[in-house]
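**Q** Quick one: structure below, then a few questions.
Please treat every number below as a calculation from the coordinates, not as lab data. In this text the structure is predicted, and so the values were computed from the model without any measurement. In this analysis, Cβ positions are derived from the backbone assuming ideal geometry, glycine residues included, and neighbour counts consider all displayed protein chains.
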Amino acid sequence: MSKLLKYLIFLLAGLAVFAVVLVFVLFTVIDPNRYRPAIEASASQQTGMQLRINGDIDWTFRPVFGLSIQDVSLTNGITPQELASFSTIALKLDIGSLLYGNLAVQEFVAENLHINWFVDAEGQANWLVNADDPAPTQTTEPGITELPIDINIADIRVINASVAYRDQRTNTDTRLQNINLTSQNTNLENRPFPLELSMRLVNELSDQDLTLNLASTAQVDFNAGNISLDDLRFNLSPLVLTGELSVSDFRNDMRWQTSLASNTFNLSHLLANFMPLDEDSMPAPDAQQFSVQTLQANGDSAGITLGGLTVALDDTVADVRGDYLYATDSRQALLAYNLNTNAIDLDSLLPISGSTETDATAETEVDQEAEQPPAQIAADTPDSSTTELPFDLLRSMDIRGEHNVESLTVSGLQFSPVEFGLLLQDGVLNIDTQPVGFYDGELDATVTLNATTSPAQLAMETGLTGVSATALAADLPRLGFFTGRFNASTTHMMQGNTVNALLNSIDGASTLQVSDSSVDITMLKRVFSAISVLSPRGDMASQWPDVVRFSNSEAYLIFNDGIDENQELNLRLDNFDVSGTGGIDLVAGEFDYRLDFTILGEPEPQTIRVNEDFQNVAWPVRCDAAFDDAAAQYCSPDLQRVREVFAAIARDEIQRRASEAVGEQVERLRTRIQDLFQN
């Protein structure tokens, strides 16, 4: 028994020594570089592309036992760019096959893989080039490629890969980095195998760090050019997309289709991955709940069809269907779509007011700015209003769109229903609404933007019919000073390539008519009470009621070459007339008008009564305030000019009395002369 045990120990030791000697002989006698031509030829035969090994081939034990290949590149032999390059490739080998002189590759491990995906100006991708003639192969010594080699890679690992995507048609240059890929039982014969992909995106400018994960069951038929990803799961926290994706005939006429859906997540949390958001402005965890309920899409070399996209944001559900056709030699790109949705509340998407701490920070910033010269503040503040608007985009494609919205909320205002069409053709954009419900009335609007001219030209026409001022004031309290139903219309023309240029070129007019209106004239009473301080006859507005019913109320505002000045304003409330000129400073949120307040005499209806001496007198008033100020503080009399008006009234009164006295004297003299002649 002891002898048997001793023989077994000697046998095992001998086998171990033999294995060590065998490995030593394998590593010292067999030069792995002898496999270079065979590996290159076999890879080219299976993929139809050229594999070039530029570095050395060595034996390795890590990360797998087999060959370590340095500096590898992949080309198609047609386009000048490399399709892919590897700094290091490790091939796991079957030891049994290696002992018989065969090279059986079981696992592929690539580190620092870099993929170049280029699309030229004609839309041809370098990975999808299909040549009629096979790409030229490298010449090698006879028999050198006849070494037995079996490339049947079951497992694939890609570590720290990157992808560069460039499209000359759209001037796109995108890079993905830190890509890791793992798959098992990998094959190109249309047998399913599991696939896992992770990717880390780092934005060094905004310090954003994103992690993406993809898991699926893949099927690849390389010869037929088909790829399918079933049970797909894509994760970019908090977004999780599930569904399937398939690509067919990618080596010739590629077509693809997908069906996806997502979980329900907070939209702001997803957007925070791509842009900095103030934590104080983030909505509550249960707000802005977004989901992709369905996404059905397919495409080919001609374009993309969106069979159905249904998304939900809180209580809003929107459905979009459409088609996008790529540009050709005979026409521009074309986008056609149809949007249907229920209630849209844009106000719910606006940032929530900041906390006290935020307000204090804002006040500190304001104080710091106050210490700087205005010129320095202007120089340090970016001004997007002077940036060129992207009118080139309007000239690059045609768009047809139909929109149906059950209700729309913007800045607290309600529009229901909303239907409008959008047509962009040959650089001219037209937006035309169907009658939109607006506070018991209707709204119509037409917008035309011509981007083919330089500068661009913009024309807008709007009309309001039968709108209830009382209903509107419920959502816009600042308009609570009057009641009644009103009609309004606007017609404006602008031209320019920036926001400032457009605003500074506005020409046109706005009109307003109100029927059977009651108006709160508190501000008017305040103005005339201030005027009456200089009147020897007391307060001319003391007997006026706070609210007056007018039978005729109308106003117009004319724009002349911009909004900051040269506007002409006129307002008529029965016998009360306001006229003058001025402008608006949108940046400061202020307005400044120099007006004349006039109370007309007969034959106008005497709704507002004053002494006849004060009728048909133009009282100078300055309306210079901020929009946020109380309405009662909007206007005040120009007292210096008011004194001049009273002085003129006094002179007229003296002249009138003098004329009356002279007339009386003349009349008495005429009467005496008549009496003398009669006697």
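**Q** So what J values fall out for the range 52-69 if you push phi through Karplus, 6.51 cos²θ - 1.76 cosθ + 1.60 with θ = phi - 60°, rounded to Hz, Gly and Pro as x?
**A** In residue order, the calculated couplings are 10, 9, 8, x, 8, 10, 10, 6, 8, 10, 10, x, 9, 7, x, 9, 10, 10 Hz.
**Q** Shifting gears a bit: Could you tell me the extents of the range 492-647's C-alpha atoms along the three principal axes, largest first, rounded to whole Å?
**A** 56, 35, 26
**Q** Can you work out D for the range 414-528 in µm² s⁻¹ from Stokes-Einstein, where Rh is the Kirkwood radius over C-alpha pairs, the temperature is 4 °C and the viscosity is 1.567 mPa s?
**A** 80
**Q** Taking the Cβ-Cβ separation of GLU244 and THR470 as r and a Förster radius of 41 Å, what is the calculated FRET efficiency to the nearest 0.05?
**A** Working from the Cβ atoms, E equals 0.15.
**Q** Count charges around LEU472 for me, please; just the other residues with Cβ under 12 Å from its Cβ, Lys/Arg as +1, Asp/Glu as -1.
**A** 0
**Q** Still on this model: Can you list the HN-Hα couplings for the range 288-293, worked out from phi with the Karplus curve (6.51, -1.76, 1.60; θ = phi - 60°), rounded to whole Hz and with x for Gly and Pro?
**A** Those phi angles translate into 6, 7, 10, 7, 9, 6 Hz.
**Q** Let me ask something additional. If amide hydrogens are placed 1.01 Å from N in the peptide plane, which non-local residues have theirs closer than 5 Å to the one on THR88?
**A** Those lying under 5 Å, H to H, from THR88 are ASP71, GLU111.
**Q** Summing +1 for each Lys or Arg and -1 for each Asp or Glu, what net charge is found among the other residues whose Cβ lies under 13 Å from the Cβ of ASP231?
**A** So the environment of ASP231 carries a net charge of -2.
**Q** While we're looking at this one, here's another question. Can you compute the equivalent ellipsoid semi-axes for the range 423-488, i.e. the square root of 5 times each eigenvalue of the Cα gyration tensor, sorted largest first and rounded to whole Å?
**A** 33, 12, 8
**Q** All other residues with a Cβ under 13 Å from the Cβ of ASP440 taken together, and with Lys, Arg as +1 and Asp, Glu as -1, what is their net charge?
**A** -1
**Q** Right, here's the next one. Taking the mean number of other Cβ atoms within 10 Å as a proxy for protection, how do you rank 617-625, 223-231, 542-550 from highest to lowest?
**A** So the order, starting with the most tightly packed, is 617-625, 223-231, 542-550.
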